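Undergrad: Here it is, the structure, as C-alpha cells.
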Amino acid sequence: MEAHRRVEIKPGDGRKPGKKRESQKCVWCPQISRFPQIISKAVVSDEIVDIFAAAGLKKPDISILSDEFLAEVRGLPQHNLAVELLQKLLRGEIHTRRRHNVVQARSFVELLEATIRKYQNRAIETAQVIEELIQLAKEMRDAGQRGQELGLSEDEVAFYDALETNDSAVKVLGDETLKTIARELVATVRRNVTINWAICENVRAQLRVYVKRILRKHGYPPDKQEKATQTVLEQAEVLSEAWALA
C-alpha cells in the first residue's frame, strides 16, 4: 500500500485551493521554537486552519510571544491571518489570566475589544491593528513579570491589582503600604476561605469585615473601601478555587 503523503499548499503559488503538489511534503513540528514556520505554512487561500492543533499545542501560550515571534507575525503577507492569530493568542491568554487575576484580565479585555472595534469600524488599517495587537501582546507578556519587580507572589499581585493602585487617592499610601495590604489580604483570605465559601453568607460576611479592617488599618481612602472590598472578594473567589485544587 502506498504510504500516506502529507502535502503543503503555499499561498500565492498561482494554483486554486484544493490542488495539491504531490512532490512537496509538509512536516508539522510540535516544537514551540518552530511555531512561526508552522504559521506561515498553515495558510490555504487566506483561510485560517487550526494552527495550534497543527503545532501540537493544547492551548495558546503567551510565553511564546518573543520579539522574534512577533516579528514573524508582523511579516506575514496575509494580514488578515496575522490579525486572527493575534486575537486568538490574546483571547486565550486573557481566559487563562481570568482564572487568577480578574482585574488584570478585565483590563486587557477592554484594551483588546477597543482595538478590534476600531478595526471593525475601519477606523484603523489592518497594518495598524496588527501593530496595536503586537504592543498589547508585549504588555501582557511584561505583566507576567510584575511579581518579580514588586517583590510579590502571583497571588499577592492579584490582590495588589484589586486595590486600584492607579487611582491617585490610593497612590498617596505609597507602594510599600499597598504591598503590605496585598500580603495581609492573601494571608487573611487563605485562613478563612473554605470550599464553597462564596455561597455561604456567614463566611462571606465575616471575610468582608476582615478585608475592610485591613484597609482601614492602613489608611485606605474611606470612599474607595467598598469598591476595593468587592473586588477583593471577587478575586478571593477565583483564587480559592485554585487553592482548593492545589
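The values are calculated or read from the model by the stated rules, or taken from the named source; none is laboratory data. The structure presented is a predicted model; accordingly, all values stated were derived computationally and were not measured. No Cβ is skipped: glycine too gets one built from the backbone with ideal geometry, and neighbour counts run over all protein chains shown.
Undergrad: (1) modelled with pLDDT of 90 or more; (2) not assigned by TED's automatic domain parsing to the domain that holds E226: which one isn't true of R208, the others all being true?
TA: Every condition holds for R208 apart from (2).
Undergrad: Cβ contacts < 6 Å: first residue surrounded by 17 or more Cβ atoms within 10 Å (Cβ to Cβ) and modelled with pLDDT under 95, restricted to segment 96-118; second residue of a type in the set (S, T, N, Q) and assigned to a helix (DSSP H, G or I), any location; separation 6+ or different chain. Result?
TA: Listed by first residue and then by second, the contacts come to R97/Q104; V102/Q235.
Undergrad: Tell me the residue from R191, R141 that is of a type in the set (D, E, K, R) and either touching a residue at least 60 places away in the same chain (Cβ under 8 Å) or in a loop (DSSP other than H, G, I, E, B) (or both), please.
TA: R141
Undergrad: Right, L163: touching a helix residue (DSSP H, G or I) at 6+ places or on another chain (Cβ under 8 Å), surrounded by 15 or more Cβ atoms within 10 Å (Cβ to Cβ) and not in a helix (DSSP H, G or I) or not?
TA: Against the criterion (touching a helix residue (DSSP H, G or I) at 6+ places or on another chain (Cβ under 8 Å), surrounded by 15 or more Cβ atoms within 10 Å (Cβ to Cβ) and not in a helix (DSSP H, G or I)), L163 qualifies.
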